[in-house]
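What follows is a single structure, written as structure tokens, with notes after it.
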Amino acid sequence: MIRVCILLVAFFAINDFSAAQASDKDAGHLSSHWSYSGATGPQYWDRLNPKYGVCAQGVNQSPINLQSFIDAKLPPIEFAYSGQASEILYNGHTVQVNFPAHSASIRIDGNTFELKQFHLHAPAENQIENTVYAMEAHFVHADQSGHLAVVAIMMQGGKTNPALEGLWREFPTQADGPHPLKVPFFAESMLPVNREYYRYNGSLTTPPCTEGVRWLVLKQAIPVSDQQIKRFTTLMRHPNNRPVQPVNARMVLR
Ligand SMILES: [Zn+2]
């Protein structure tokens, strides 16, 4: 039983977007517990559920405006990203692409973190020296103990993104369950050529805002066309970015 509980906790930590929906189901209704505006918007997340307290009380929250960097000679992230995604879904908060177990991973801090999913935000959540990119992709990884590492890739408005173009053909139209991907999609296709990164200690950017997340923000942005952005924002109907949070005592390494 204890093992099941641990697995469930890890599952909800990873699937940050489904946690709220799951607790909604537990409560016997299906309304979205939290949102990006109004009475269920970011400044009220902590009041919507006792489990969301850290959204307001945490001091290592994400996203942030990355600036005042510390030069740290960061070792390269070892990407093993040749694996293929299995499914796509719109969960009411974002469009998410899931990866099957052992299909892709990164190595960092002497530890392997498996890629679970990536999802998108428009506009970007993290800022780099006050620059707000058109979109941001979050590649969510977990190690065997459930520690999380997110690789964030900025997306700059302009040219068409060829990797997304294929994915967009299978773009979900409504918030329902995952759809198996018909066309192969490889995690690697989303990576920029230059994989230098910034690093800071942060949190999930959605309730329950759990802290202890390793944030690895790639310096080089990848392109996304206006049309591709529009497809996403039309489905979202509203921006899905949490406002930047105080940096407090944290260091941002580069
Ligand atoms: Zn995210």
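The values are calculated or read from the model by the stated rules, or taken from the named source; none is laboratory data. Keep in mind that this is a model prediction, so the values were computed, not measured. Counting neighbours? That spans all protein chains shown, and the Cβs are built from the backbone with ideal geometry, glycine included. Please note that ligands, DNA and RNA were not included when accessible areas were found on the heavy atoms of the full protein model with its side chains. Shrake-Rupley method; radii C 1.70, N 1.55, O 1.52, S 1.80 Å.
Of the residues contained in segment 203-215, none is found to be open to solvent by less than 50 Å² (accessible area, probe 1.4 Å) and over 15 Å from the mean Cα position of the chain (by Cα). Out of all the residues in segment 126-136, is one or more within 11 Å of the ligand (Cβ to nearest atom), in a loop (DSSP other than H, G, I, E, B) and closer than 23 Å to Arg231 by Cα? Within segment 126-136 (the criterion being within 11 Å of the ligand (Cβ to nearest atom), in a loop (DSSP other than H, G, I, E, B) and closer than 23 Å to Arg231 by Cα), the answer is yes, since at least one residue qualifies. Flag: Gly157 does not match the condition of being more than 30 Å from Arg47 (Cα to Cα), without any contact (Cβ under 8 Å) to a residue 40 or more places away in the chain and open to solvent by less than 50 Å² (accessible area, probe 1.4 Å). Of the residues making up segment 57-79, those that are open to solvent by less than 80 Å² (accessible area, probe 1.4 Å) and of a type in the set (Gly, Ala, Ser) are Gly58, Ser62, Ala72. Is one or more of the residues making up segment 182-196 surrounded by fewer than 17 Cβ atoms within 10 Å (Cβ to Cβ), part of a helix (DSSP H, G or I) and not charged (D, E, K, R)? Yes, segment 182-196 contains at least one residue that is surrounded by fewer than 17 Cβ atoms within 10 Å (Cβ to Cβ), part of a helix (DSSP H, G or I) and not charged (D, E, K, R). Can you say whether Val54 is surrounded by fewer than 17 Cβ atoms within 10 Å (Cβ to Cβ) and among the hydrophobic types (A, V, I, L, M, F, W, C), as far as the supplied structure shows? Judged against the criteria, Val54 is not a match.
Got a sec? Which of Ala149, Ala163 is out of contact with any strand residue (DSSP E or B) (no Cβ under 6 Å at 6 or more places or on another chain) and within 21 Å of Ile77 (Cβ to Cβ)? Spell out how you get there, then give the answer.
Details: Ala149 fails: out of contact with any strand residue (DSSP E or B) (no Cβ under 6 Å at 6 or more places or on another chain).
Within the list Ala149, Ala163, the selection yields Ala163.
Restricted to segment 30-121, the set of strands (runs of 3 or more DSSP E) holding at least 3 residues that are without any contact (Cβ under 8 Å) to a residue 24 or more places away in the chain and either away from the ligand (no atom under 16 Å from the Cβ) or not basic (Lys, Arg) (or both) is empty. Checked against the criteria, Arg199 counts as more than 16 Å from the ligand (Cβ to nearest atom), within 30 Å of Val247 (Cβ to Cβ) and not in a loop (DSSP other than H, G, I, E, B).
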